[in-house]
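I have placed the structure first, in the form of structure tokens, so that the comments after it can refer back to it.
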Amino acid sequence: MTVLETVWAALPAAAPRMRDDIAELVGVESPSSDLDALARCADVVTALGVRCTGQAPERIVVGDRPHLRWHFGAGSPRVVLIGHYDTVWPRGTLARWPFSVDGDRATGPGVVDMKGGLVVLFHALGALAALDELDGVAVLVNADEEIGSPTSTALIEDTARGAAGALVLEGSSGGRLKVARKGIAHYSVRVTGRAAHAGNAPHRGINAGVELAHQVLRIAALGDAARGTTVTPTDAVAGTTANTVPAAARVSVDVRSFDPQELRRVDEALRALAPVLPGAAVEVERGPARPAMPETASAELFALAQRLAERFGGRPVTGEAVGGGSDGNLTAGIGVPTLDGLGAIGGNAHAEGEWIELSSLPERAALVGTLAATIGRAR
């Protein structure tokens, strides 16, 4: 058999071990905000990677967060596999919602986003390692994707730059791969007014809450559904006590679009916001951002995935464009061909009861393994 045929044929036997590995990973809580928990989970991910590939990673600590990188062979990587082990679930969630299996469905905090994807990733590479086919592969598993990858962005970009492809192991709804993602920008809009007693002298104040209300309506009107651009005011706060005219107020703003020009348009409009109330002040601060991942970034890799699945009898590969972001936005943003959503098939990510389809894991690993063996090579 060829290398690709062997990979596809070998992975079904790994199904029981894959299930056990997911149970172990989900059983180690790793909220993005908990550095101690992240360090413990990094140890478990390291052990999984070592067992599957035979090689220990670099442990790169940035801002007290441990990121893990494997690089197999000499020279620059031809393909980079990307995942994260942080989750949105606070420590203590397992006490009321432990990992469990019901038929073909496994559930637990972080099982689809994305600890199942990490198991797919390392078992795919394990099949290549058994064939001595890991040359030119790099892996980056970070600890802060759920909060925008603030300490790992440069590491991801440096690892992927110049590669022939990046494979992102985020979860997959209905088996669909992510072929495009919206660009994302976050903002904080702050209003300054003047405090005064709400009963004795409200006229002496400048109501930051009222000013914020004006600004929120302006901000929300910046979206353009026809262009797929969303501008969403999210968490907001104003004032300090019930009997005081608010002196300060703030709202967070989430901006998303597939079109970079739209992102620029909204950015310019937000920075041009001016106060409505005399004496009020408005300040706009830009936060974390990710460039759009256009369909052109995934087209060739998506077509390759379709051919491989058809060749080896896998389920048909379909794709979707989504509004949510991932580290695939970063690799696409530096010009690396990127295919996302290659992790565990499941659903309900970031919500109570997230789940994965256990029977799909070996086939997903086979697809990832054959992609990794093919990208940047003639096969």
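Data table
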quantity: Compactness relative to 2.2 N^0.38 Å, alpha carbon Rg of region 307-379; calculated: 1.25
quantity: If the convex hull is drawn through the Cα atoms of region 53-206, its volume per residue in Å³; calculated: 226 Å³
quantity: Amide H within-cut-off set for Gly287, under 5 Å, with H built and near neighbours excluded; calculated: His186, Tyr187, Ser188
quantity: With Cα atoms, 0 to 90° folded angle of helix 260-271 axis to the chain main axis; calculated: 30 degrees
quantity: Protection-proxy order for peptides 197-210, 32-45, each taking the mean of Cβ atoms within 10 Å per residue, highest first; calculated: 32-45, 197-210
quantity: Radius of gyration and Dmax over the Cα atoms of region 255-365, both given in Å; calculated: 19.7, 69
quantity: Heavy-atom accessible surface of region 56-169: percent carbon and sulfur, 1.4 Å; calculated: 51 percent
quantity: Diffusion coefficient, µm² s⁻¹, Stokes-Einstein with Kirkwood Rh over alpha-carbon pairs of region 158-275 at 25 °C and 0.890 mPa s; calculated: 144 µm²/s
quantity: Integer Hz, Karplus 6.51/-1.76/1.60 couplings in order for region 334-339, x for Gly and Pro; calculated: 9, x, 8, x, 9, 10
quantity: GluC sites (Glu not before Pro) lying in DSSP loop within region 271-379, provided at most 13 other Cβ fall within 10 Å; calculated: Glu352
quantity: Per-residue [θ]222 nm for the chain (sum of -39500 (n - 2.57) over DSSP H runs n ≥ 4, rounded to 500); calculated: -10500 deg cm²/dmol
quantity: Simple Cβ-charge dipole of region 12-143, Lys/Arg +1 and Asp/Glu -1, about Cα centre, in debye nearest 20; calculated: 80 debye
quantity: Kirkwood Rh (inverse of mean 1/r, distinct Cα pairs), the chain, angstrom; calculated: 22.1 Å
quantity: ³J(HN,Hα), Karplus 6.51/-1.76/1.60, whole Hz, each residue of region 201-216, x for Gly, Pro; calculated: 8, x, 5, 7, x, 10, 7, 5, x, 5, 4, 4, 4, 4, 5, 4
quantity: Rounded to 10°, Cα long-axis angle of helix 295-311 versus longest principal axis of the chain; calculated: 30 degrees
quantity: Cα-based Rg of region 1-66 normalised by 2.2 N^0.38 Å, two decimals; calculated: 1.41
quantity: HN-Hα J in Hz across region 46-55 - Karplus 6.51, -1.76, 1.60, θ = phi - 60°, x for Gly and Pro; calculated: 4, 4, 5, x, 5, 5, 7, 10, x, 10
quantity: Accessible area (Å², per residue) of the chain, counting only protein heavy atoms and a probe of 1.4 Å; calculated: 41 Å²
quantity: Surface/4 of the Cα convex hull for region 1-141, nm²; calculated: 9.0 nm²
quantity: Alpha carbon convex hull of region 211-290, projected area averaged over orientations, nm²; calculated: 5.8 nm²
quantity: Angle between the chain longest axis and helix 116-129 axis [Cα atoms, degrees, rounded to 10]; calculated: 30 degrees
quantity: Ellipsoid equivalent to region 95-151 - semi-axes via the Cα gyration tensor, in Å; calculated: 26, 20, 6
quantity: Region 340-379: C-alpha gyration tensor shape, a/c 1.5 cut-off, then a/b vs b/c; calculated: oblate
quantity: Ratio Rg/Rh [Cα only; Rh per Kirkwood] for region 49-94; calculated: 1.05
quantity: Cα gyration tensor shape of region 122-175, rounded if a/c is under 1.5, else prolate or oblate by comparing a/b with b/c; calculated: oblate
quantity: Computed over region 294-342, Cα set: Rg, Dmax in Å; calculated: 11.5, 34
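The values are calculated or read from the model by the stated rules, or taken from the named source; none is laboratory data. Since the structure is predicted, the reported quantities are computational estimates derived from the model, not experimental observations. Note that each Cβ is placed from the backbone with ideal geometry, even for glycine, and that neighbours are counted across all protein chains shown. To get the accessible areas, we keep the full protein, side chains included, count just its heavy atoms, and leave off ligands, DNA and RNA. Shrake-Rupley method; radii C 1.70, N 1.55, O 1.52, S 1.80 Å.
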